[in-house]
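To start, the structure under review is shown below, and the notes come after it.
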Amino acid sequence: MDQYSDSEWNWDFFKELVEDIEDNKNIIECISCGKCVGDCPAAKISNFNIRKIIRKVLRGDKSVLKDSDIWYCYLCERCKRVCPRDGINIPLLIINLRNESFKKGFGPKYNDLRKYVEMSERFLTTGVVVEEPLGEALSAERVKELNVICNFARIKYVFKASKGNKNKIKTKKR
């Protein structure tokens, strides 16, 4: 585990996130065991590493809001299920960081967003991100829950638009 001196920590950013969403206070309980990263489908196909993101937040490094990494999470909650600590809600933290990123005028770069949308759509429609599933496919009930989360995160319109394009393609073929 990395060692930091007290002068390298700045709690202001963490306090802002906790003020916005109280559940974020629990990320301080993270023991950096790595189970979340080990079970994460996004980490298997990208540079997504929630441990690094949490470390940046706790150190007060707001550059995390500019990083592409926060856009690779699928909000599948595998991390939440395998975490040995109670109350650490990584998907909620990611949603909060995305919203803060937009508020600051950052958001994802176009190329990153396109890749994120493609991977997310595949994940939400089929339950897998890559050709060979990383585990079992998501149940229809879980896909519905994820759609509610995406709607909360204001990205649902992407999937609606994508469905509209598929309908247009089907209509043209008839």
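Brief remarks follow.
- Set Lys66/Lys144; Lys15/Lys104; Lys15/Lys80; Lys66/Lys103 screened for pairs whose C-alpha atoms are more than 19 Å apart: Lys66/Lys144; Lys15/Lys80
- Using alpha carbons only, the radius of gyration of the stretch 47-101 set against its Kirkwood radius gives Rg/Rh = 0.93.
- Cβ-derived FRET efficiency at R0 22 Å, Lys80 paired with Ile21, nearest 0.05: 0.90
- Stretch gain in nm, segment Glu121-Ile28, where the contour uses 0.36 nm per residue and the Cα spacing is subtracted: 30.3 nm
Bear in mind that the values in this text are calculations on the coordinates, not laboratory data. Predicted, not measured: the structure shown is a model, and the values here were computed from it. Glycine gets a Cβ as well: all are built from the backbone with ideal geometry, and neighbour counts include every protein chain shown.
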